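Read-outs: derived from the displayed coordinates by stated rules, not from any lab. Quantities reported herein were computed from a predicted structural model and do not represent experimental measurements. Cβ placement follows ideal geometry from the backbone for every residue including glycine, while neighbour counts extend to all protein chains displayed.
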Amino acid sequence: MKMKSCIAAMALLAMGMSVAAPAAAQSPDGMKLYITSSGELNLDQGWLTAMNNHGNRIDIPVPMYIIDHPEGLVVFDTGMNIAVVPDNGAEYWGPVAGAFTPTMSRDQAIDRQLQRIGKSVDDVKYVVHSHLHLDHVGNISMFPNATHVIRKAELQNAWWPERFQRAAYVMSDFESTRSLNILELTRDLDLFGDGSIELIDTKGHTKGHQSMVVRLPNSGTMILASDAAYMAENLQGTVPGIVWNVEAAMDAIERMKLIRDVEGGQIILSHSMEMYSSLKHLPEYYD
């Protein structure tokens, strides 16, 4: 292990965090990671970078991830609700659609994306939710037979959010959680017990935010940050713009960077069009 990785591993241990075994040693053959988007949002860049570049409106992707694991199909985040199609964001989301203007086609929804790789919503074993904001949790009612993996703190905060966070939670997106099979997490989880998919606590953006570490046999470690890191600036010391707790948000970024350095991996940013454009998109995949 290189000196940089050794130092990073020691830092993780000092912070009370686990240091995973090398990716290729644990990841099953045949595992695939698909990356896609449920559309785009147009917004002021300052929302993502603590008001740096305020006034500069940009288009950002709204990513979703599908992991085909030998033990079961996993979806990480379900994007925007089909209720915003076509051009219906203002009616479904309310005033927040003025600040975050959605563009989405019906074919970009998660069920249609699964069909593109020969799968259906009924094939999905786990739906993992990074958090329950309106651009990440649409259409979860499409998965009545799956186990939905959500942080307990996130469920509680979504149902009764702090006043300044209320606009980002749309009750009709997640009201079905009362009837779904929910696995409420209070700690990190090795989803299949083989180290290939690990859910890690990255609260900060919200009270119960989590990210996913995917360890692939050939592509190595890919850290799906979700909204723990929107853009490259967030990895360089710029506070993510929309946060529940600034200190926790910065700790989450450091945790992901340390895992990246220990395992020689890559952090996949949630809302960077530059990064999204550089990645393979479904039906292509990482293995």
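Using amide H atoms built 1.01 Å from N in the peptide plane, name the residues 5+ places from Arg151, or on other chains, whose amide H lies under 5 Å from its own.
Leu185
Would you work out which of Val239, Ile35, Ile140 lies farthest towards the positive end of the dipole of the chain, given +1 charges on the beta-carbon of Lys and Arg and -1 on that of Asp and Glu, about the Cα centre?
Farthest towards the positive end: Val239.
Among the DSSP beta bridges whose two residues both lie in the stretch 76-225, what percent are antiparallel, rounded to the nearest 5?
On the way: 12 of 22 bridges.
Of all bridge pairs located within the stretch 76-225, approximately 55 percent are antiparallel.
Relative to the Cα centre, what is the charge dipole magnitude of the chain, using +1 at the beta carbon of each Lys and Arg, -1 at the beta carbon of each Asp and Glu, and rounding to the nearest 20 debye? Before the final figure, lay out the partial values.
Details: 22 positive and 34 negative charges, 64 e Å.
The calculated dipole for the chain is roughly 300 debye.
If you project the alpha carbons of the stretch 213-285 onto the principal axes, what extent comes out on each, in Å, largest first?
35, 26, 18
Ignoring everything except DSSP H segments at least 4 long, calculate the 222 nm mean residue ellipticity for the chain; use -39,500 (n - 2.57) per segment, divide by total residues, nearest 500.
Dividing the helical sum by the residues of the chain leaves -6000 deg cm²/dmol.
Can you tell me how the stretch 3-276 classifies by the Cα gyration tensor, rounded, prolate or oblate, using a/c under 1.5 as the rounded cut? Walk me through the numbers before you get to the answer.
Values: a/c = 1.55, a/b = 1.18, b/c = 1.32.
Here the stretch 3-276 falls in the oblate category.
Give the residue list of trypsin sites (Lys or Arg not before Pro) in the stretch 179-287 that are DSSP loop and have at most 16 other beta-carbon atoms within 10 angstrom.
When the trypsin sites (Lys or Arg not before Pro) of the stretch 179-287 are filtered for loop state and at most 16 Cβ neighbours within 10 Å, Arg187, Lys280 remain.
Decide, for the stretch 122-214, between rounded, prolate and oblate: order the square roots of the alpha carbon gyration tensor eigenvalues as a ≥ b ≥ c, take rounded if a/c falls under 1.5, and otherwise choose prolate if a/b is larger than b/c, else oblate.
oblate
Just the C-alpha atoms of the stretch 144-287: what Rg/Rh do they give, with Rh taken as the Kirkwood radius?
0.96
What ranking do Ser105, Ser27 get, fewest neighbouring Cβ atoms within 10 angstrom at the top?
Ascending Cβ contact count within 10 Å gives the list Ser105, Ser27.
Rg and Dmax of the stretch 60-105, using alpha carbons, in Å: what are they?
Over the stretch 60-105's Cα set, Rg and Dmax evaluate to 13.8, 43 Å.
What net charge is computed for the residues neighbouring Ala232, neighbours being all others with C-beta under 14 Å from the C-beta of Ala232, Lys and Arg scored +1, Asp and Glu -1? Mind dumping the intermediate values first?
On the way: positive: Lys257, Arg260; negative: Glu233, Glu274.
Computed value for this residue: 0.
Provide, for the stretch 3-276, the number of lysine pairs with alpha carbons under 26 Å apart, each pair being eight or more places apart or on different chains.
13
Which listed residue (Ala83, Leu48, Ala109) has the Cα farthest towards the positive end of the charge dipole for the chain, taking +1 on Lys and Arg C-beta and -1 on Asp and Glu C-beta about the Cα centre?
With unit charges placed on the Cβ atoms, the residue in question is Leu48.
Order of Asp68, Asp227 from fewest to most other C-beta atoms within 10 Å? Intermediate results must be reported in sequence, preceding the final value.
Details: Asp68 17, Asp227 28.
Sorted ascending by nearby Cβ count, the order is Asp68, Asp227.
Would you please classify the overall shape of the stretch 179-232 from the alpha carbon gyration tensor, given that a ≥ b ≥ c denote the square roots of the eigenvalues, rounded means a/c under 1.5, and beyond that prolate means a/b larger than b/c while oblate covers the rest?
The shape class here is oblate.
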